[in-house]
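Engineer: Take this structure, written in structure tokens, and hold onto it; I'll ask about it next.
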């Protein structure tokens with residue numbers, strides 16, 4: 001899949017280079033960012049969380065995938081990462097529920113169980129009802145959607161205590 005997407009990006013970049021030098025420079029920059037991103041998709045990478053927050057209104061599937069790959073129980077000792085990533089996790093789920101479900105369904109290297117446990121224990125006050133409704137109305141794997149909804153129910157209970 002990544003090779004296919006890389007082929008498409010390179011093809012577009014090559015074709016665009018013939019028509020506009022400035023556009024060529026922009027495509028090369030985008031291509032470099034695309035190629036660098038998967039390398040930075042390591043557990044506990046706070047720079048990926050920052051990138052996700054900075055681009056929250058325009059996340060690609062690759063951005064979302066990379067963001068979710070940073071989650072791991074290895075991060076429990078990093079308080080800064082844990083607090084920051086937990087907050088952004090809810091924002092991403094609220095903004096991109098279908099892609100979130102899709103990514104959790106397709107990407108086998110994502111630690112889904114850890115992400116679900118993070119969703120069950122919000123560190124900041126969140127609007128569970130709004131996020132719950134968006135996930136409930138989203139299309140995607142019923143199994144994953146149900147797990148996310150159960151985690152959000154737990155989050156609501158967690159916030160009441």
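The values are calculated or read from the model by the stated rules, or taken from the named source; none is laboratory data. What you see is a predicted model, and the numbers here were worked out from it, not measured in a lab. Cβ: placed from backbone, ideal geometry, glycine included. Neighbour counts: every protein chain shown.
Engineer: Across the range 112-135, what is the number of residues that are assigned to a helix (DSSP H, G or I) and surrounded by 13 or more Cβ atoms within 10 Å (Cβ to Cβ)? Reasoning before the result, please.
Structural biologist: Of the range 112-135, the ones assigned to a helix (DSSP H, G or I) are 112-120, 128-135.
Right, trim to surrounded by 13 or more Cβ atoms within 10 Å (Cβ to Cβ) and you get 112, 114-120, 128, 131-135.
Qualifying residue count for the region: 14.
Engineer: Also, I was wondering about something else. Mind checking which helices (runs of 4 or more DSSP H) fall wholly inside the range 10-94 and carry at least 2 residues that are surrounded by fewer than 17 Cβ atoms within 10 Å (Cβ to Cβ) and at pLDDT below 95?
Structural biologist: Values: elements: 21-36, 46-54, 61-69.
Counting at least 2 such residues, we get 21-36.
Engineer: Quick one: residue 117 ticks every box in (1) modelled with pLDDT of 95 or more; (2) touching a helix residue (DSSP H, G or I) at 6+ places or on another chain (Cβ under 6 Å) bar one, so which box is it?
Structural biologist: (2)
Engineer: May I ask you to verify whether residue 99 is outside any loop (DSSP other than H, G, I, E, B) and closer than 14 Å to residue 68 by Cβ? Break it down stepwise before answering.
Structural biologist: Numbers: outside any loop (DSSP other than H, G, I, E, B): yes; closer than 14 Å to residue 68 by Cβ: yes.
When the stated conditions are applied, residue 99 passes them.
Engineer: While we're here: Being within 10 Å of the chain's Cα centre (by Cα), within 14 Å of residue 145 (Cα to Cα) and free of Cβ contacts under 8 Å to residues at least 40 places away in the same chain, is that true of even one residue in the range 107-122? Break it down stepwise before answering.
Structural biologist: Start the filter on the range 107-122 by keeping residues that are within 10 Å of the chain's Cα centre (by Cα), which leaves none.
Taking every residue of the range 107-122 in turn, none turns out to be within 10 Å of the chain's Cα centre (by Cα), within 14 Å of residue 145 (Cα to Cα) and free of Cβ contacts under 8 Å to residues at least 40 places away in the same chain.
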